[in-house]
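Visitor: I'd like to ask you about the structure that follows.
The values are calculated or read from the model by the stated rules, or taken from the named source; none is laboratory data. Treat the numbers as computed from the prediction; the structure is a model and nothing was measured. For neighbour counting, all protein chains shown are included, and Cβ atoms are generated from backbone atoms with ideal geometry for every residue, glycine included.
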Amino acid sequence: MLQDLIEGNSDFIRNEVYTIDHKALIYKTTDGQHPKAIVLSCIDSKVPVALIFDQTIGDAFVARVAGNFKNTDILGSIKYSCKVAESKLVFVLEHESCVVIKSACDHVKLKNINVYSKHSANS
Ligand SMILES: [Zn+2]
């Protein structure tokens, strides 16, 4: 599982991603899915999770939240992924130059970003 993500990221870095029959994958996953991993990521548009790991339909769940922190919903999604869909890997993806973290440091006042700021201050 982890090796698939590492190799997929290497393919992405080398710009060697392959053409995929998405229609076939949609059909294959219609009646169920068992993604190998769940990736926790920030919402940052510079980090398209499936693309940077060269993954496709049915390969991984992606739980995204601004600033990439855990909350009840994210933990529930991770639990669902592992307990129900039998994912074997929880991958926490960090990235550089996070505008959400910068916003929190700049005291941007948005309700949910403030939750992150309080969380960080109390951690
Ligand atoms: Zn970010």
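Visitor: Between L89, L93, which is under 16 Å from I6 (Cβ atoms), surrounded by 16 or more Cβ atoms within 10 Å (Cβ to Cβ) and within 12 Å of the ligand (Cβ to nearest atom)?
Guide: So the residue among L89, L93 that is under 16 Å from I6 (Cβ atoms), surrounded by 16 or more Cβ atoms within 10 Å (Cβ to Cβ) and within 12 Å of the ligand (Cβ to nearest atom) is L93.
Visitor: Could you list, in sequence order, the residues of region 3-46 that are surrounded by fewer than 11 Cβ atoms within 10 Å (Cβ to Cβ), more than 16 Å from the ligand (Cβ to nearest atom) and polar (S, T, N, Q)?
Guide: Q3, N15, T19, T30
Visitor: Could I ask something else about it? Would you call D73 surrounded by fewer than 12 Cβ atoms within 10 Å (Cβ to Cβ), within 16 Å of the ligand (Cβ to nearest atom), free of Cβ contacts under 8 Å to residues at least 24 places away in the same chain and of a type outside the set (K, R)?
Guide: Spelling it out, it is not the case that D73 is surrounded by fewer than 12 Cβ atoms within 10 Å (Cβ to Cβ), within 16 Å of the ligand (Cβ to nearest atom), free of Cβ contacts under 8 Å to residues at least 24 places away in the same chain and of a type outside the set (K, R).
Visitor: Taking V62 as meeting all but one of (1) more than 23 Å from Q3 (Cα to Cα); (2) within 16 Å of the ligand (Cβ to nearest atom); (3) modelled with pLDDT of 95 or more; (4) not polar (S, T, N, Q), write down the number of the exception.
Guide: (1)
Visitor: If you don't mind, there's one more thing I want to ask. With respect to G67, is the statement that it is surrounded by 13 or more Cβ atoms within 10 Å (Cβ to Cβ) and within 16 Å of the ligand (Cβ to nearest atom) true?
Guide: Yes, satisfied.
Visitor: Would you pick out the residues in region 95-109 that are free of Cβ contacts under 8 Å to residues at least 40 places away in the same chain and either under 30 Å from G32 (Cα atoms) or under 16 Å from the mean Cα position of the chain (by Cα) (or both)?
Guide: E96
Visitor: Right, next: List the pairs whose first member sits in region 42-66 and is among the hydroxyl-bearing types (S, T, Y), whose second member is surrounded by fewer than 21 Cβ atoms within 10 Å (Cβ to Cβ) and outside any helix (DSSP H, G or I), and whose Cβ atoms are under 6 Å apart, counting only residues at least 6 apart or on separate chains?
Guide: Within 6 Å, the pairs are T56/I20.
Visitor: Can you pull out the residues in region 76-123 that are at pLDDT 95 or above and among the basic types (K, R)?
Guide: K79, K83, K88
Visitor: Do the conditions hold for D54, that is, is it surrounded by 17 or more Cβ atoms within 10 Å (Cβ to Cβ) and at positive phi? Give the steps one after another, and end with the answer.
Guide: Values: surrounded by 17 or more Cβ atoms within 10 Å (Cβ to Cβ): yes; at positive phi: yes.
In short, yes.
Visitor: Please list, ordered by first then second residue, the pairs with beta carbon atoms under 6 Å, 6 or more apart or interchain, first in region 20-34 and of a type outside the set (V, I, T), second in a loop (DSSP other than H, G, I, E, B) and surrounded by fewer than 12 Cβ atoms within 10 Å (Cβ to Cβ).
Guide: Once the first residue is of a type outside the set (V, I, T) and sits in region 20-34, its partners that are in a loop (DSSP other than H, G, I, E, B) and surrounded by fewer than 12 Cβ atoms within 10 Å (Cβ to Cβ) give H34/E86.
Visitor: Right, next: Report, by residue number, each residue of region 39-88 that is of a type in the set (S, T, N, Q) and closer than 15 Å to G8 by Cα.
Guide: Hits for region 39-88 are Q55, T56.
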